[in-house]
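Structure, as structure tokens:
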Amino acid sequence: MIHGTHNAIEDPRNEAILISINDQLFPRNEAKISVFDSGYLVGDGVWEALRLHHGVLVSLEDHFNRLWQSAATVGMHLPFTKGELTQKVWNTLKANKMTDGVHVRIMITRGIKKTPSQDPRLIISGPNVVIIPEHKTASKDSKEKGITLFTSTIRRGSPDYLDPRLNCHSKLHEVQALIQAIQAGADEALMLDIHGFIATCNATNFFVIKNNEVWTSTSKYCMNGITRAKVIEVCKLNNIPCYEKDFSLFDVYGADEAFVTGTFGGLTPVTKIDGRQIGEGNYGDKTRELSKLYNILIEKTVSNG
């Protein structure tokens, strides 16, 4: 079985889901898009992923602010408002009769091209909007077990050529990092920045706990994680020392605990990095506390609508 931060409990309902492509609904095995789509041709697209929890799209405003920022960054005009895209998502969820325990992936590409090319002037359609909702609940067994990381030789890039905060379809460098980690026998990859400091993982943000302090990397070279931001917020609300700073593998190997964050899995403990056991090599008490506080914050957000 594949083990990692996106481990989900198998749900047979996903075989019959309806997927929205430009406001038309298609059964899962019939949902297709043109080979001339710019996302397929050159990775020219942006995306977001969010959770439906107890009838509420969690942190929707944060996710859409990030989506619009990503679109602006790549020069993609979105011909709809945030409210209109919200309605598209709800139409898809309602068609699938979904109310809870759902992971929603929104993908927007620049559109269809008249011929294979990088040139955006060859687009002959508006943006393609795909919404994939799936019944997904994170595996508790996977969280209890924790994950292992391997430090990849693939670095997180500088903001002047591909800003790590950009949620775009061009993910090949992250895939390469993950392949290195898998070949080394780990679950996922830890990635350094161009100066050799800790940046982030291939698909999640990274934290360590040292002497009851929570450390994470600066925002210069890490993904613009919404769950990362919520954990930092939780620390501030509960007077837990939390620092965004430069630190290296020297600090990581001697950490008391480590964990990663993401929209789907929340907080997931890290037990080993590069074959070295981190702390007690288990789901540590401080990580459990932070995970509990994070879940409380999410429940408050949901109860407030």
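The values are calculated or read from the model by the stated rules, or taken from the named source; none is laboratory data. Computed from a predicted structure; not experimentally measured. When we count neighbours, we look across all protein chains shown, and the Cβ atoms used for this are built from the backbone with ideal geometry, even at glycine.
Condition check ((1) of a type in the set (Ser, Thr, Tyr); (2) assigned by TED's automatic domain parsing to the domain that holds Thr73; (3) touching a Phe, Trp or Tyr at 6+ places or on another chain (Cβ under 9 Å); (4) in contact (Cβ under 8 Å) with a residue 40 or more places away in the chain) across all residues:
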site	(1), (2), (3), (4)
Thr200	yes, no, yes, yes
Asn205	no, no, no, yes
Glu213	no, no, yes, no
Tyr221	yes, no, yes, yes
Asn238	no, no, no, yes
Phe250	no, no, no, no
Residue satisfying condition, being surrounded by 18 or more Cβ atoms within 10 Å (Cβ to Cβ), polar (S, T, N, Q) and out of contact with any Cys (no Cβ under 9 Å at 6 or more places or on another chain), within set Asn202, Asn238, Asn211:
Asn202
Within the range 15-22, identify whether any single residue is touching a residue at least 12 places away in the same chain (Cβ under 8 Å), touching a Ser or Thr at 6+ places or on another chain (Cβ under 6 Å) and among the aliphatic types (A, V, I, L, M), and answer yes or no.
no
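Taking the range 222-235 as the search range and keeping residues that are under 23 Å from Leu166 (Cα atoms) and over 15 Å from the mean Cα position of the chain (by Cα), which one is surrounded by the most Cβ atoms within 10 Å (Cβ to Cβ)?
Result: Ile232.
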Restricted to the range 114-135 and to residues being in a helix (DSSP H, G or I) and of a type outside the set (Lys, Arg), the residue surrounded by the most Cβ atoms within 10 Å (Cβ to Cβ) is Leu122
Looking only at the range 2-14, count how many residues are without any contact (Cβ under 8 Å) to a residue 40 or more places away in the chain and over 21 Å from the mean Cα position of the chain (by Cα).
1
Starting from the range 66-91, keep only residues that are in the same structural domain as Val56 (by TED's automatic domain parsing), then list their pairs with residues that are of a type in the set (Gly, Ala, Ser) and in a helix (DSSP H, G or I) whose Cβ atoms are within a distance under 8 Å, requiring at least 6 positions of separation or different chains.
His77/Ala71; Leu78/Ala71
Condition check: in a helix (DSSP H, G or I), more than 21 Å from Asn65 (Cβ to Cβ) and either at pLDDT 95 or above or of a type in the set (D, E, K, R) (or both). Does Lys88 satisfy that?
no
Note on Arg13: of the conditions (1) under 30 Å from Ala229 (Cα atoms); (2) modelled with pLDDT of 95 or more; (3) not aliphatic (A, V, I, L, M), unmet is (1)
